[in-house]
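One structure is given here, and the rest of the page talks about it.
The values are calculated or read from the model by the stated rules, or taken from the named source; none is laboratory data. Predicted model, so just to flag it, every value in this text is computed and none were measured. All Cβ positions, even for glycine, are placed from backbone atoms using ideal geometry, and neighbour counts span all protein chains on display. For accessibility, only protein heavy atoms count, side chains too; no ligands or nucleic acids. Shrake-Rupley method; radii C 1.70, N 1.55, O 1.52, S 1.80 Å.
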Amino acid sequence: MDAGLRERLLGIVGPQGLVDDAAAERYLTDERNRYHGRAAAVVLPGSTRELAAVMALCHAADVGMVPQGGNTGYCGGATPNASGEEVLIVLSRLNRVRAVDPLSGTITVEAGVVLADAQRAAAEHGLLLPLSMGSEGSCQIGGNLSTNAGGLAVLRYGTARELVLGLEVVLPDGRIWDGLTALRKDNTGYDLKQLFLGAEGTLGIISAAVLKLFPMPAARETAWLAVRDLEAACALLRLARQVVGDVVTSFEYVTRPSLELALAAMSRLRDPLDAAYEHYVLLECSASGATGALGEAVSGLFESALEAGLAEDGVIAATGVHRAALWALRENVPAGEKAAGGSVKHDVSVAIARLPELAARAAAAVAAVAPAARLSVYGHIGDGNLHFNVLAPAGADPEAFRAAHGEAVSAAVHGAAAALAGSFSAEHGVGQLKRDLLAATESSLALEIMRGIKHVLDPKGVMNPGKVL
Ligand code: MLT
Ligand code: ZN
């Protein structure tokens, strides 16, 4: 990098927008502590204009740019490489909620707005921003959209992509594409925003978005149910949608080992049931408007599930505090794994009907390569998405286990998903972690199209180099 570039960056963003070396470290390591990058500069632009000027400068100088939001991703998509030549562009100062329009049901937010802050801004108007996930206190909208994040309410409201009406994007050369429309219907040509959603910053940087809002639920019913097995859990999902209808908002799955990891890590958590079971479902239904019958419908579902032998036990949250305690069981599974030394994580998806077969195949395939490994299987079965995570055998060193068996274990799990026409990345993205996997498994035609799009938007290859493609 030429020595003057840092000076010129400083001229654009001012001292508050350029991180000094001592403070840069937190931006250069990823959430899972797998990737440790270096950067020529860590820049925090304070507006879309500053962002555009930074990008135009880097583009002209052929300097690679790595965008970063809340740095909560799992695939190293926001960590620069080790060369020290890339510029890391952190979006956290683009943190204004530009507008809430209650009649149109939209919120316009900048990329660096923390997801929980965007939810709060919507709630102040009695509206729901349904994107929701464990990291919502620190992840940012720009990262959510760039990775097409999933989370805990996809079943009802879709992934991040489905919540977007419009985008403002800065292209690699610094031009600003103003696609910040709030139109719910717009069939004028290609839907360009879709290119940037899930592109992990390889085509440009999302600087702002218009998102859809929904009526705030007035009633919520949350149940923690012990189910016979994963097959019963899937049958229960079908029954729930038949009995309670489209207000089933979340349908999460937790196996006993995952629950135990969460319980062991968080002393405030309690197993809500008297006996131990191998499989659990966390079900939430929510309704706005006419809500009277929701409680009855969920109790009726619970009874039917017991009668049909799908559920073996369970509890329905009686208060908001009780509901939060049930959700904490599910949401603390990743923290439980981390506290146990970490896992070989997976994020596979198949058609919902194939989930039991996926779990069985993956378990057999892992046992064949790492017979003593422990499993922690949980996830969003309402979305056909399992986190089929693999931990070191009890007493073994987690890091040594991952180094020795991580690759074979992942190949086993991904092979099981592929055999069932599934995906190796349901909601966590590709980043640098799964880039080679994408190249190895995607069809040559799909890769050709992706590379063609990349070439049109980023012919110099300066946008988040080495990620996704
Ligand atoms: C979750 O479902 O909890 C998240 O995707 C995080 C994780 O898998 O660790
Ligand atoms: Zn997940």
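Scanning the range 207-223 for residues that are open to solvent by less than 10 Å² (accessible area, probe 1.4 Å) and either more than 28 Å from SER425 (Cβ to Cβ) or among the β-branched types (Val, Ile, Thr) (or both) yields VAL210, THR222, ALA223.
If you go through the range 329-342 and keep only what is open to solvent by 10 Å² or more (accessible area, probe 1.4 Å), among the aliphatic types (A, V, I, L, M) and more than 14 Å from ligand 2 (Cβ to nearest atom), you end up with ALA339, ALA340. Among the residues here, ALA372 qualifies as in a loop (DSSP other than H, G, I, E, B) and farther than 30 Å from LEU195 by Cα. Considering VAL366, VAL377, the condition of being within 16 Å of ligand 1 (Cβ to nearest atom), at pLDDT 95 or above and either of a type in the set (Val, Ile, Thr) or open to solvent by 30 Å² or more (accessible area, probe 1.4 Å) (or both) is satisfied by VAL377 alone. A count restricted to the range 344-363 and to residues that are open to solvent by 10 Å² or more (accessible area, probe 1.4 Å), assigned to a helix (DSSP H, G or I) and either touching a Phe, Trp or Tyr at 6+ places or on another chain (Cβ under 6 Å) or not small (Gly, Ala, Ser) (or both) stands at 5. Tell me, which residue of the range 422-451 that is among the charged types (D, E, K, R) and within 16 Å of ligand 2 (Cβ to nearest atom) is surrounded by the most Cβ atoms within 10 Å (Cβ to Cβ)? Once the filter is applied, the top-ranked residue is LYS434. For residues that are touching a strand residue (DSSP E or B) at 6+ places or on another chain (Cβ under 6 Å) and open to solvent by 10 Å² or more (accessible area, probe 1.4 Å), scanning just the range 115-129, find the one that is farthest from ligand 1 (Cβ to nearest atom). Among residues in the range 115-129 that are touching a strand residue (DSSP E or B) at 6+ places or on another chain (Cβ under 6 Å) and open to solvent by 10 Å² or more (accessible area, probe 1.4 Å), the one farthest from ligand 1 (Cβ to nearest atom) is HIS125. For the range 80-96, a tally of residues being open to solvent by less than 60 Å² (accessible area, probe 1.4 Å) and on the phi < 0 side of the Ramachandran plot returns 10.
Condition first: open to solvent by 40 Å² or more (accessible area, probe 1.4 Å) and not in a loop (DSSP other than H, G, I, E, B). Can you find one or more residues in the range 29-44 that meet it? Walk me through how you get there before you give the answer.
First, the residues of the range 29-44 that are open to solvent by 40 Å² or more (accessible area, probe 1.4 Å): 31-36, 38.
Going one step further and asking which of them are not in a loop (DSSP other than H, G, I, E, B), we end up with 36.
Yes: one or more hits.
The helices (runs of 4 or more DSSP H) located wholly in the range 230-325 that include 2 or more residues which are within 26 Å of the chain's Cα centre (by Cα) occupy 230-243, 256-265. The selection criterion, being part of a loop (DSSP other than H, G, I, E, B), closer than 30 Å to MET216 by Cβ, charged (D, E, K, R) and touching a residue at least 40 places away in the same chain (Cβ under 8 Å), does not hold for ARG98.
Summed over the range 233-280, the residues that are open to solvent by 40 Å² or more (accessible area, probe 1.4 Å), aliphatic (A, V, I, L, M) and in contact with a strand residue (DSSP E or B) (Cβ under 6 Å, 6 or more places away or on another chain) give a count of 0. GLU399 meets each of the listed conditions (1) away from ligand 2 (no atom under 16 Å from the Cβ); (2) within 24 Å of VAL66 (Cα to Cα) apart from (2). Taking the range 160-185, which residues are within 23 Å of LEU128 (Cβ to Cβ), open to solvent by 30 Å² or more (accessible area, probe 1.4 Å) and of a type outside the set (A, V, I, L, M)? Across the range 160-185, the qualifying residues are ARG161, GLU162, THR181, ARG184, LYS185. In the range 134-153, of all residues being among the hydroxyl-bearing types (Ser, Thr, Tyr) and either farther than 18 Å from GLU331 by Cα or within 11 Å of ligand 1 (Cβ to nearest atom) (or both), the one that is modelled with the lowest pLDDT corresponds to SER135. For the range 3-25, a residue qualifies if it is without any contact (Cβ under 8 Å) to a residue 24 or more places away in the chain, within 28 Å of SER135 (Cα to Cα) and open to solvent by 60 Å² or more (accessible area, probe 1.4 Å), and the qualifying residues are ASP20, ASP21, ALA22, GLU25.
A single member of ALA440, ALA421, ALA446 is outside any helix (DSSP H, G or I), within 25 Å of the chain's Cα centre (by Cα) and farther than 22 Å from PRO334 by Cα, and it is ALA421.
Would you say ALA153 is open to solvent by 10 Å² or more (accessible area, probe 1.4 Å), more than 12 Å from the chain's Cα centre (by Cα), of a type in the set (Gly, Ala, Ser) and at negative phi? The answer is no for ALA153. Which members of the range 141-159 meet the condition of being of a type in the set (S, T, N, Q) and either under 17 Å from PRO130 (Cβ atoms) or within 16 Å of ligand 2 (Cβ to nearest atom) (or both)? Answer for the range 141-159, where residues must be of a type in the set (S, T, N, Q) and either under 17 Å from PRO130 (Cβ atoms) or within 16 Å of ligand 2 (Cβ to nearest atom) (or both): ASN144, THR147, ASN148, THR159. Does PRO393 satisfy the condition of being away from ligand 2 (no atom under 16 Å from the Cβ), open to solvent by 60 Å² or more (accessible area, probe 1.4 Å) and of a type outside the set (Val, Ile, Thr)? No.
Exactly one residue out of GLY384, GLY429 is over 27 Å from ALA264 (Cβ atoms), of a type outside the set (A, V, I, L, M, F, W, C) and without any contact (Cβ under 8 Å) to a residue 60 or more places away in the chain: that is GLY384.
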